[in-house]
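Student: To start, I am sharing the structure in question, which I have written as structure tokens.
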Amino acid sequence: SQCIPDPGTLGGSDTRSRLLYLDGLDARAFEHVVRFADAEQATSAVGRLSRAFASCDPGDPAQVSVKDRGPVEEGPSEGVSQFVHASRTGTPVQASEISYYELGVTRADNVVVVLQWTSMGKPDTGSPWVFTGEMLITATHRAVG
């Protein structure tokens, strides 16, 4: 979603990003790991991402309808201080446009992990989220070692 700040601009001392998944022109998943000087700065970054998602402009109702879920905050769990889920399902102006965006954000102490998914429609994962709570916890443990 274009209204979400690039994780590299959140003010962390170190940011690593990678493409996790690519399916042709459709689905893409990105993972960003951002290390901050302290837990307070990391907590602030999670809040900034949540507020940015919550304030996303849904677009012109004459052209697109948007259904948002979240941000929903959960945690702590299994060494993860907090995690946030959010998603947006919209009606694209053209059939080839992205219509589903999901954001998963976790924090463990001073490290924030941001997972982003985009695709033409929500994939059938058997879960309400592409990035389940378990996946967010696993990504965080992978990031902090």
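Student: When you go through (1) over 12 Å from the mean Cα position of the chain (by Cα); (2) in contact (Cβ under 8 Å) with a residue 24 or more places away in the chain one by one for Gly47, which number turns out not to apply?
Tutor: (2)
Student: Let me ask another. Does any residue of region 110-125 turn out to be open to solvent by 10 Å² or more (accessible area, probe 1.4 Å), touching a helix residue (DSSP H, G or I) at 6+ places or on another chain (Cβ under 7 Å), in contact (Cβ under 8 Å) with a residue 24 or more places away in the chain and within 21 Å of Ala39 (Cβ to Cβ)?
Tutor: Checking region 110-125: at least one residue is open to solvent by 10 Å² or more (accessible area, probe 1.4 Å), touching a helix residue (DSSP H, G or I) at 6+ places or on another chain (Cβ under 7 Å), in contact (Cβ under 8 Å) with a residue 24 or more places away in the chain and within 21 Å of Ala39 (Cβ to Cβ).
Student: Could I ask something else about it? Scan region 50-94 for residues that are at positive phi and more than 12 Å from the chain's Cα centre (by Cα) and jot them down.
Tutor: Gly59, Gly75, Glu78, Gly79
Student: Of the residues that sit in region 88-105 and are touching a residue at least 60 places away in the same chain (Cβ under 8 Å) and either of a type outside the set (S, T, N, Q) or open to solvent by less than 30 Å² (accessible area, probe 1.4 Å) (or both), which one is nearest to Pro123 (Cα to Cα)?
Tutor: Within region 88-105, the match that is nearest to Pro123 (Cα to Cα) is Tyr101.
Student: Within region 68-84, is there a residue that is polar (S, T, N, Q) and over 20 Å from Pro7 (Cβ atoms)?
Tutor: yes
Student: Additional query: Within region 18-30, identify whether any single residue is crowded, with 17+ Cβ neighbours inside 10 Å and closer than 23 Å to Arg142 by Cα, and answer yes or no.
Tutor: So far as region 18-30 goes, yes, one or more of its residues are crowded, with 17+ Cβ neighbours inside 10 Å and closer than 23 Å to Arg142 by Cα.
The values are calculated or read from the model by the stated rules, or taken from the named source; none is laboratory data. These numbers were taken from a predicted model, which means no experiment stands behind them. Cβ: placed from backbone, ideal geometry, glycine included. Neighbour counts: every protein chain shown. The accessibility values were calculated without ligands, DNA or RNA, using every heavy atom of the protein model including side chains. Shrake-Rupley method; radii C 1.70, N 1.55, O 1.52, S 1.80 Å.
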